[in-house]
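Visitor: The following block contains the structure, expressed as structure tokens.
The values are calculated or read from the model by the stated rules, or taken from the named source; none is laboratory data. This structure is a prediction, so every number in the text was calculated from the model and none was measured. No Cβ is skipped: glycine too gets one built from the backbone with ideal geometry, and neighbour counts run over all protein chains shown.
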């Protein structure tokens, strides 16, 4: 299974990659919104864990792009510092769940296990 | 008693000889002999004696010739001293005869003989002409007296001689011309020297401010230096003694005349000060000194002296007098309001006034003779006093504010002037004048405390607005550490030690990130009370402050752009206060961009030409409405929703920048609002490091 990890902090991506590898994912990293869109053009991911606010593009932009591909959305977990965008709105868009930063990794992993494995 | 007892010892022999020869010679005339008088003096007698063969007796009579003899003796002596020789010219035979002394004067031997032509070789051509002329006059019966120069043979020397001559007529016919010949070289040389020195004196006087006057009492003519007339603006020709008295200040005239008489009567020195009116109408002051020459009957015949123009001195005197009078008044006033300390030339306290005691608690008895360090109280700083002392020794007044402790340990402040006197008075070389400003300082301190409190609360308000960001900046790395640590645990359980080692380093780096944020926070929230002016790199201040802002920028999707000089930007400032200003401006800009279409925050840092650093915080928000532009910097004015701003940020920021001698202002139009402030650059201000309270 392939996962895309999007965060401008490389550390976050690395930590998540190790944990997801343990669960059998192979992972790509993106540090900006545009990089994430570029990777999504080339690959199909079963899981996307992404910051909502990123330099050069936001999480909403990413969903808009994925929808424009006309495929089913993968499981999307958004990470956020604050809920500037109402949570319900995001869920309506098809987001699996929204987790607040700082990331609680245990919570995130159990969410992945629950929904994908 | 024997007659011979009275005869002078030296004349006794010739007297006895004469007496024994008298019977043979029958008569002796004009026999001169010296006798001793009863009081021990010598008398000259001239004897005429006869021998009478008929009765065998000697008859004689004598006359006292003491006076004549003395005169002769003096004449001889004086002619020897005066080197007077004689000469005689026989008009008939053209024969010239010289006396011994005349030969001596010419420095030749009598054996060489003399003739008219030989004698004339001693004179220069012009002097020969003079001789011919006076001889022609002499032929007509005129006697003469002339001073001439004779040139010595075989040397370059010459001598001044005085020749007196008188024609001798016999039967109405000129037979001889004869007279005296005198060496007057020394006299002439002295006279020439005198003239030269008088001339030099006159030159010297003319070069100086002094003028000379010379009064011939017999003719009542007064000579004045031409410079006197010129200096007063008159023509030299009109300036005589009458004019002199005319332009003299009326009150000085009688004084002058009576002073002259007093002097001539020998009652006093002649020294007088008087005023002369210049051609411009103003009076100038002169001081004159003089001396008179008196003849044998003690009658003055000539008086001369000098004038000095002392107008400037007089003016200075009167200025000094009024200065002294006002100085006394000042001293009185000064004593009433200020601390006055006089210090002797060795740096020991000589006296203090009541104000000193009132402020410090010390009386003169406590500190008289103490070293000057004591002036500064028991808590003086040696470096400061040394600075003052060295300034004084260089003759430079020192001024500054000093803080110290009174005798009973209370704080006091004075503004002090330490003044070196240009001239020591009664061995006092230095004056310290101080103004007690303890009350002033206490009020200022209270105000400052208030100010700091306000600053502190407004700063906390500013930081509160960033609180969420700060928490995020700490929590994020904490989560990372937590993540890495949990991964590491898994790695260790799987015995993947190499991979876990890499994570240890990552954890360490991430804790540094937290440490840095905490440090910035600590710096920022430090109390302003101990925030002193110091050299600071503004770039560091900016970076520290932005740490609190990144989260807010990110949350609002605000792009940040910074333009700054490539090197450090040293400014002289209170670091925390300036950080507070910067944070306020960034905070406001973020708020202004919250609903903007384009969200760009521009920070520009550049040097201005006048040695200031300018910091601009520019946002692309909608701009400040022109109706509220005047109020933006007022306290408690805010456009933010309730609970978001205190309305104090900008007004306090402006106050802070004012206190840094900088400017805080703004310009705004839609899409471009720029708040900027300036700070003095810290260049060449190193000496301030050593400043004191």
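Visitor: Taking only the stretch B:243-253 into account, find how many residues are surrounded by 10 or more Cβ atoms within 10 Å (Cβ to Cβ) and part of a helix (DSSP H, G or I).
Guide: Here is the first cut: in the stretch B:243-253, the residues surrounded by 10 or more Cβ atoms within 10 Å (Cβ to Cβ) are B:243-249, B:252-253.
Pick out the ones that are also part of a helix (DSSP H, G or I) and you get B:243-246, B:252-253.
Qualifying residue count for the region: 6.
Visitor: For residues that are touching a residue at least 12 places away in the same chain (Cβ under 8 Å) and surrounded by 14 or more Cβ atoms within 10 Å (Cβ to Cβ), tally how many sit in the stretch B:116-135.
Guide: Residues in the stretch B:116-135 being touching a residue at least 12 places away in the same chain (Cβ under 8 Å) and surrounded by 14 or more Cβ atoms within 10 Å (Cβ to Cβ): 8 in total.
Visitor: Moving on. Output yes when any residue across the stretch B:522-532 is in contact with a strand residue (DSSP E or B) (Cβ under 6 Å, 6 or more places away or on another chain) and in contact (Cβ under 8 Å) with a residue 40 or more places away in the chain, and no when none is. Steps first, please.
Guide: Taking the stretch B:522-532 first, the residues in contact with a strand residue (DSSP E or B) (Cβ under 6 Å, 6 or more places away or on another chain) are B:531.
Next, from what is left, pick out any that are in contact (Cβ under 8 Å) with a residue 40 or more places away in the chain: B:531.
Looking for residues that are in contact with a strand residue (DSSP E or B) (Cβ under 6 Å, 6 or more places away or on another chain) and in contact (Cβ under 8 Å) with a residue 40 or more places away in the chain, one finds at least one in the stretch B:522-532, hence yes.
Visitor: Still on this model: Contact list please: Cβ distance under 7 Å, first residue in the stretch B:102-115 and assigned by TED's automatic domain parsing to the domain that holds residue B:158, second residue assigned to a loop (DSSP other than H, G, I, E, B) and buried (at least 17 other Cβ atoms within 10 Å of the Cβ), pairs at least six apart or on different chains.
Guide: Final answer for the pair search is B:105/B:83; B:106/B:122.
Visitor: Sticking with this structure for a sec: For the stretch B:260-365, list the strands (runs of 3 or more DSSP E) that sit wholly inside it and hold at least 2 residues that are closer than 19 Å to residue B:211 by Cα and in contact (Cβ under 8 Å) with a residue 60 or more places away in the chain; which are they? Before the answer, list the steps.
Guide: Values: elements: B:270-277, B:283-294, B:300-309, B:339-344, B:349-352.
Counting at least 2 such residues, we get B:283-294, B:300-309.
Visitor: Hey, any hits in the stretch B:631-642 for a residue that's part of a helix (DSSP H, G or I), surrounded by fewer than 19 Cβ atoms within 10 Å (Cβ to Cβ) and modelled with pLDDT under 90?
Guide: yes
Visitor: Let me ask something additional. So residue A:95 clears everything in (1) over 25 Å from residue B:477 (Cα atoms); (2) outside any loop (DSSP other than H, G, I, E, B); (3) within 12 Å of the chain's Cα centre (by Cα) except one condition, right? Which one?
Guide: (2)
Visitor: Residue B:622: part of a loop (DSSP other than H, G, I, E, B) and in contact (Cβ under 8 Å) with a residue 40 or more places away in the chain, yes or no? Spell out the reasoning first.
Guide: On the way: part of a loop (DSSP other than H, G, I, E, B): yes; in contact (Cβ under 8 Å) with a residue 40 or more places away in the chain: yes.
It is true that residue B:622 is part of a loop (DSSP other than H, G, I, E, B) and in contact (Cβ under 8 Å) with a residue 40 or more places away in the chain.
Visitor: Go through (1) farther than 22 Å from residue B:168 by Cβ; (2) surrounded by 14 or more Cβ atoms within 10 Å (Cβ to Cβ) for residue B:138 and report which single condition fails.
Guide: Failed condition: (1).
Visitor: Cβ-Cβ below 8 Å, separation at least six or inter-chain, first residue in the stretch B:211-227 and buried (at least 18 other Cβ atoms within 10 Å of the Cβ), second in a loop (DSSP other than H, G, I, E, B): which pairs?
Guide: Matching pairs, first to second residue: B:211/B:225; B:212/B:225; B:213/B:225; B:222/B:240; B:224/B:239; B:224/B:240.
Visitor: Based on this model, can you work out whether residue A:103 counts as in contact with a helix residue (DSSP H, G or I) (Cβ under 8 Å, 6 or more places away or on another chain), assigned to a helix (DSSP H, G or I) and within 14 Å of chain B (Cβ to nearest Cβ)?
Guide: The answer is no for residue A:103.
Visitor: Before we move on, is residue A:57 surrounded by 19 or more Cβ atoms within 10 Å (Cβ to Cβ) and at pLDDT below 90? Quick ask: steps written out before the conclusion?
Guide: Numbers: surrounded by 19 or more Cβ atoms within 10 Å (Cβ to Cβ): yes; at pLDDT below 90: yes.
Judged against the criteria, residue A:57 is a match.
Visitor: Let me ask you something else. Examine the stretch B:540-548 for a residue that is under 28 Å from residue B:479 (Cβ atoms), modelled with pLDDT under 85, surrounded by 15 or more Cβ atoms within 10 Å (Cβ to Cβ) and more than 14 Å from every other protein chain (Cβ to nearest Cβ), and state whether such a residue exists.
Guide: Within the stretch B:540-548, one or more residues are under 28 Å from residue B:479 (Cβ atoms), modelled with pLDDT under 85, surrounded by 15 or more Cβ atoms within 10 Å (Cβ to Cβ) and more than 14 Å from every other protein chain (Cβ to nearest Cβ).
Visitor: While we're here: Of (1) surrounded by 13 or more Cβ atoms within 10 Å (Cβ to Cβ); (2) at pLDDT 85 or above; (3) in a helix (DSSP H, G or I), residue B:536 satisfies all except one. Which?
Guide: (3)
Visitor: For the stretch B:482-497, name all the residues that are in contact with a helix residue (DSSP H, G or I) (Cβ under 6 Å, 6 or more places away or on another chain), surrounded by fewer than 14 Cβ atoms within 10 Å (Cβ to Cβ) and under 20 Å from residue A:108 (Cβ atoms).
Guide: Of everything in the stretch B:482-497, nothing turns out to be in contact with a helix residue (DSSP H, G or I) (Cβ under 6 Å, 6 or more places away or on another chain), surrounded by fewer than 14 Cβ atoms within 10 Å (Cβ to Cβ) and under 20 Å from residue A:108 (Cβ atoms).
Visitor: Moving on. With respect to residue B:69, is the statement that it is in contact with a strand residue (DSSP E or B) (Cβ under 6 Å, 6 or more places away or on another chain), at pLDDT below 80 and surrounded by 12 or more Cβ atoms within 10 Å (Cβ to Cβ) true?
Guide: On the way: in contact with a strand residue (DSSP E or B) (Cβ under 6 Å, 6 or more places away or on another chain): yes; at pLDDT below 80: yes; surrounded by 12 or more Cβ atoms within 10 Å (Cβ to Cβ): yes.
Yes; evaluated as a whole, the condition is true for this residue.
Visitor: While we're on this one: Would you confirm whether or not the stretch B:553-568 contains a residue that is away from every other protein chain (no Cβ under 11 Å), assigned to a helix (DSSP H, G or I), without any contact (Cβ under 8 Å) to a residue 40 or more places away in the chain and surrounded by fewer than 18 Cβ atoms within 10 Å (Cβ to Cβ)?
Guide: There is no residue in the stretch B:553-568 that is away from every other protein chain (no Cβ under 11 Å), assigned to a helix (DSSP H, G or I), without any contact (Cβ under 8 Å) to a residue 40 or more places away in the chain and surrounded by fewer than 18 Cβ atoms within 10 Å (Cβ to Cβ).
Visitor: OK, next. So is residue B:646 at pLDDT below 80, buried (at least 16 other Cβ atoms within 10 Å of the Cβ) and either on the phi > 0 side of the Ramachandran plot or part of a loop (DSSP other than H, G, I, E, B) (or both) or not?
Guide: Numbers: at pLDDT below 80: yes; buried (at least 16 other Cβ atoms within 10 Å of the Cβ): yes; either on the phi > 0 side of the Ramachandran plot or part of a loop (DSSP other than H, G, I, E, B) (or both): yes.
Criteria met by residue B:646.
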